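Chemist: My questions will all concern the structure given below.
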Amino acid sequence: MIRQIYMDYHIPIIPWELTIFQVHFFYDALIDGLIQIQKQAKENRKKNGKQI
């Protein structure tokens, strides 16, 4: 979760100083986009004939 937050937001907070509230605040906004990326990847694998 923390890696994804830093990849998408580039926040100027040291990772070990993040609070649980901050992690949830930033990560909750990313969940819908991450689900869409996973769905697209699954569809692409099916189209290419690869089994999951």
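Chemist: Of the residues Ile52, Ile20, which single one is touching a helix residue (DSSP H, G or I) at 6+ places or on another chain (Cβ under 7 Å) and either farther than 15 Å from Met1 by Cα or at pLDDT 90 or above (or both)? Full working, then the answer.
Modeler: On the way: Ile20 fails: touching a helix residue (DSSP H, G or I) at 6+ places or on another chain (Cβ under 7 Å).
When all the criteria are applied, what remains is Ile52.
Chemist: Please go through segment 19-51 and pick out each residue that is within 13 Å of the chain's Cα centre (by Cα), open to solvent by less than 60 Å² (accessible area, probe 1.4 Å) and hydrophobic (A, V, I, L, M, F, W, C).
Modeler: Answer for segment 19-51, where residues must be within 13 Å of the chain's Cα centre (by Cα), open to solvent by less than 60 Å² (accessible area, probe 1.4 Å) and hydrophobic (A, V, I, L, M, F, W, C): Val23, Phe26, Leu30, Leu34.
Chemist: Restricted to segment 3-18, and to residues that are surrounded by 10 or more Cβ atoms within 10 Å (Cβ to Cβ) and free of Cβ contacts under 8 Å to residues at least 12 places away in the same chain, which residue is farthest from the chain's Cα centre (by Cα)? Spell out the reasoning first.
Modeler: At the first step, the residues of segment 3-18 found to be surrounded by 10 or more Cβ atoms within 10 Å (Cβ to Cβ) are 4-6, 8-9, 11, 13, 15, 18.
Adding the requirement that they be free of Cβ contacts under 8 Å to residues at least 12 places away in the same chain leaves 6, 13.
Working: Tyr6: 10, Ile13: 18 Å.
The selected residue is Ile13.
The values are calculated or read from the model by the stated rules, or taken from the named source; none is laboratory data. A quick note: this is a predicted structure, and the numbers were derived from the prediction, not measured. Because the Cβ atoms are built from the backbone with ideal geometry, glycine has one as well, and the counts that use them run over all protein chains shown. We work out accessible area using only protein heavy atoms, side chains counted, and drop any ligands, DNA or RNA first. Shrake-Rupley method; radii C 1.70, N 1.55, O 1.52, S 1.80 Å.
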